[in-house]
Amino acid sequence: MTLDELEVKCKNCTACGLCEGRTNLVFGIGKKDADIMLIGEGPGENEDLQGQPFVGRSGQLLDKFLASVDLSRDKNVYIANMVKCRPPKNRDPKPEEQDECIKWLREQFKIIKPKIVVCVEFQRKGLLTKISELQSSMANLLIKTVHCLWVHITLPQF
Ligand code: SF4
């Protein structure tokens, strides 16, 4: 299956309650065979409205960081989230929602085969604990299919 075919399937997903509040499902964006994959937790308001990950002020800052080291979602990275539909009022995705949605991220990994995975977290949250939870849960779920370097960065929440 190609990434485009996977996206078409994902866009019809109603596997958890988050589908009820979405304006757009946020599948992911970027180079389809990128060596670097960035992963956030879930879409916010701007992402839900535009159907793309990291497009608010934090996302613009992320794009500046990436550009400073010659990286860009247009040419050499892929960006996605753990859950594809916006949680109400930007709350954290519930464990059961993450468990349900991780299948899509797992399939994205299988197709893209990144060499480096960057977990992107916001400063307002529980920082290192949260990041390590996110990182280890994703690694546990994905490590059987992909062997790669895991790192994390934090962004300010505007
Ligand atoms: S959050 Fe994920 S599992 Fe839930 S409806 Fe959206 S795509 Fe499906």
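Quick one: which of LYS11/LYS32; LYS31/LYS115; LYS64/LYS103; LYS9/LYS31; LYS9/LYS64; LYS94/LYS115 span more than 25 angstrom between C-alpha atoms?
Long pairs (Cα-Cα over 25 Å): LYS64/LYS103; LYS9/LYS64; LYS94/LYS115.
Taking the alpha-carbon centroid of each part, what is the distance from the range 10-42 to the range 71-96 in angstrom?
Taking the Cα centre of the range 71-96 as reference, the centre of the range 10-42 is 6 Å away.
At a Cα cut-off below 18 Å, give the aspartates and glutamates reachable from LYS89, other chains included and same-chain residues fewer than 8 away excluded.
GLU20, GLU41, GLU45, GLU47, ASP48, GLU97, GLU121
When ILE112, ILE153, ILE79, ILE29 are ordered from fewest to most other Cβ atoms inside 10 Å of their Cβ, what list results?
ILE153, ILE29, ILE112, ILE79
How high is the FRET efficiency between ASN24 and ARG57 when r is their beta carbon distance and R₀ equals 22 Å, given to the nearest 0.05?
Step by step, r from the Cβ atoms, then E = 0.70.
Round to the nearest 0.05 the FRET efficiency obtained for LYS103 and LYS75 when R0 = 22 Å and r is the Cβ-Cβ distance.
With a Förster radius of 22 Å, E is 0.20.
Listed highest first by mean packing, meaning other Cβ atoms within 10 Å per residue, what order do 43-53, 2-12 come in?
43-53, 2-12
Read the figures in this text as sums done on the coordinates, not as results from a lab. What you see is a predicted model; the values in this text were computed from it and never measured. Neighbour counts are summed over all protein chains in view; Cβ atoms, including those assigned to glycine, are modelled from backbone coordinates with ideal geometry.
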